[in-house]
Amino acid sequence: MVTAEARPRVRRVDVLVAAADAVAVIALLLGAPAMAAGDPDSAQIQFASPADPSWWVVAAVLTAQACVLLWARSRPRTTLVAVAVLAAVLVMVAPSVLHGLSTLAVMVAVLLAVLRQPVARLWPALVTAAVGVGIEEAVSQLTGYGATPVQAITQGLGQAGAVIGLPLLVTLVVRSRLDVRAARARERDAVVRERDAVVREQDAVLRERDAVVREQDARVEAAVSRERAAMARELHDIAAHHLSGIALMAAVIDRQIDTDPERAHAAVRQVREQSTAVLDDLRRLVGLLRDDTLAERSVETLAAVPDLVARAQRHGRVTLRVLRGEPEASPSVGSDVGPLAQLAAYRTVQEALANAALHAPGAATTVELDDREHTHVTVVVRNGPAREAAPRSSSGGHGLVGMRERADLVGADLRYGPTEDGGWEVRLVVPRAASGPDAPAVGAEVPS
């Protein structure tokens, strides 16, 4: 059973070609007597008229050729052979008529066949059509014009070459031009596709580069944020310690300036010392941010805590307790604690003393350094309840946040909170560094 897909389809252009061929041959068939009347060489040929039945036979064969052309696009080889056979049949049926009209359908079939398929696949059909056209012409010459056999064969070969060869040559030229145009179009498409691929590749490279730039920017921003946080912590530690002492001494001077001028003058000198100290610390911190200076200084260590307590004793009751093991294994407290951990412990004591002076004025404060354990050093800053009214402060609690961050950075344990007697206690447990030849020396000169 032939399916709808396998059944040849007739399109509008096929109908137009077949109709044009039928109209042309019928018009020539009707006008042949009039054209022959004006040609003296054709006067001896008798053309049939529509009243003659042979005329209708010829018209039917020519119409059949035109109908066969409906399948010239879908079945080119079959169509070519069929119209050639019908041309040969025509001369057998009605040899006295204008047999050359049948060659028009053969030429059209050759043209359509070569346009549809390569010549290598069409040559059997082309040879068959040429034989049919040659036989038609030879028979016509023998019966209609009285030619000799040699003349008939020669005329048949010439007619076959003209009817088959001429449209074949024209169609090959047209097809070659179409192939060249198609090749150029494919080449242009390939160039466009290659260009689009290059553009897509460039876009991918640009997107990848943008992603790398964004990632680098994000890393830089994160590093800048960390540096800003570290700078803010250092500024807070420096300013809170010194400026809180200056504020307390200024309040004492305000009360003593009329009643005890000597002590007021001494307090003023302490204010000057504190101001000079804070300026020195800020100058060192700014020096760390400059690119044209090395800005190196010794890192604050646990060994510097007694000096810190001594400065705090000038404007408050601060005592220092150092608990050492027996026998002493090292000349100083926490000598085997890493430099960064010692700096965190120093800043914690500094911040705790500043908080005690600010929030519990007049209270006794104790700083305790416990160096008895082999695995860690404990630093405790404890103050009692305030004995005077604490001055109003705009502090936002950044000191405790800074202590927590420093402790987390070095792996220390920080705890703080109120005591039973209404005071406040800050306790920091700092782990000792691993001993060995690679352990950093305490007090080494490193950038802070």
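So that you can scan it fast, the table gives a plain yes or no per residue for (1) modelled with pLDDT under 90; (2) in a helix (DSSP H, G or I); (3) surrounded by 10 or more Cβ atoms within 10 Å (Cβ to Cβ):
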| position | (1), (2), (3) |
| --- | --- |
| Val150 | yes, yes, no |
| Leu168 | yes, yes, yes |
| Asp179 | yes, yes, yes |
| Arg184 | no, yes, yes |
| Arg188 | no, yes, yes |
| Glu201 | no, yes, yes |
| Ala204 | no, yes, yes |
What pairs can you find where one residue is in the range 255-278 and under 17 Å from Gly316 (Cα atoms), the other is among the basic types (Lys, Arg) and modelled with pLDDT of 70 or more, and their Cβ atoms are less than 6 Å apart, with a gap of 6+ or different chains?
Gln256/Arg263; Gln270/Arg314
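Evaluate the following for Pro124: is it surrounded by 14 or more Cβ atoms within 10 Å (Cβ to Cβ), in the same structural domain as Leu86 (by TED's automatic domain parsing), modelled with pLDDT of 80 or more and not hydrophobic (A, V, I, L, M, F, W, C)?
Working: surrounded by 14 or more Cβ atoms within 10 Å (Cβ to Cβ): no; in the same structural domain as Leu86 (by TED's automatic domain parsing): yes; modelled with pLDDT of 80 or more: yes; not hydrophobic (A, V, I, L, M, F, W, C): yes.
No: the conditions fail for Pro124.
Look through Asp292, Asp280 and report the one residue that is among the charged types (D, E, K, R), part of a loop (DSSP other than H, G, I, E, B) and at pLDDT below 70.
Working: Asp280 fails: part of a loop (DSSP other than H, G, I, E, B).
Exactly one of Asp292, Asp280 is among the charged types (D, E, K, R), part of a loop (DSSP other than H, G, I, E, B) and at pLDDT below 70, namely Asp292.
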State which residue pairs qualify: first residue hydroxyl-bearing (Ser, Thr, Tyr) and inside the range 147-158, second residue exposed (fewer than 14 other Cβ atoms within 10 Å of the Cβ) in any location, beta carbons under 9 Å apart, and separation of 6 or more residues or different chains.
none
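With the condition kept exactly as written, say whether any residue in the range 62-82 is part of a helix (DSSP H, G or I), hydroxyl-bearing (Ser, Thr, Tyr), touching an Asp or Glu at 6+ places or on another chain (Cβ under 9 Å) and closer than 22 Å to Ile26 by Cβ.
The first filter runs over the range 62-82 and keeps only residues part of a helix (DSSP H, G or I), leaving 62-71, 76-82.
Within this subset, residues satisfying the condition of being hydroxyl-bearing (Ser, Thr, Tyr) are 63, 78-79.
Checking the rest, the ones that are also touching an Asp or Glu at 6+ places or on another chain (Cβ under 9 Å) come to none.
No, because not a single residue in the range 62-82 is part of a helix (DSSP H, G or I), hydroxyl-bearing (Ser, Thr, Tyr), touching an Asp or Glu at 6+ places or on another chain (Cβ under 9 Å) and closer than 22 Å to Ile26 by Cβ.
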Can you name the condition, by its number, that Gly397 falls short on among (1) surrounded by 24 or more Cβ atoms within 10 Å (Cβ to Cβ); (2) of a type outside the set (S, T, N, Q); (3) at pLDDT below 85?
(1)
In the range 383-391, is there at least one residue being at pLDDT 90 or above, in the same structural domain as Arg317 (by TED's automatic domain parsing) and under 23 Å from Ala304 (Cβ atoms)?
yes
Scope the range 320-353; condition crowded, with 23+ Cβ neighbours inside 10 Å and modelled with pLDDT under 85; matching residues
Gly334
Select from the range 344-378 the residues that are under 12 Å from Leu302 (Cβ atoms) and among the basic types (Lys, Arg) and list them in ascending order.
Arg347
List the residue pairs whose Cβ atoms are under 6 Å apart, where the first residue sits in the range 369-380 and is without any contact (Cβ under 8 Å) to a residue 12 or more places away in the chain, the second is aromatic (Phe, Trp, Tyr), and the two are 6 or more positions apart or on different chains.
none
Is it true that Pro447 is out of contact with any strand residue (DSSP E or B) (no Cβ under 8 Å at 6 or more places or on another chain), over 20 Å from Leu369 (Cα atoms) and at pLDDT below 90?
no
Identity of the residue in the range 415-438, over 18 Å from His359 (Cβ atoms) and surrounded by 12 or more Cβ atoms within 10 Å (Cβ to Cβ), that ends up modelled with the lowest pLDDT
Ala433
Under 8 Å between Cβ atoms, which residue pairs at least 6 apart in sequence (or on different chains) link something in the range 332-347 that is without any contact (Cβ under 8 Å) to a residue 60 or more places away in the chain with a partner that is part of a helix (DSSP H, G or I) and surrounded by fewer than 21 Cβ atoms within 10 Å (Cβ to Cβ)?
Val333/Ala303; Tyr346/Ala304; Tyr346/Leu308
Within the range 255-277, residues of a type in the set (Asp, Glu) and at pLDDT below 70 come out as Glu273
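The values are calculated or read from the model by the stated rules, or taken from the named source; none is laboratory data. What you are looking at is a predicted structure, and each value in this text was computed from that prediction instead of being measured. All Cβ positions, even for glycine, are placed from backbone atoms using ideal geometry, and neighbour counts span all protein chains on display.
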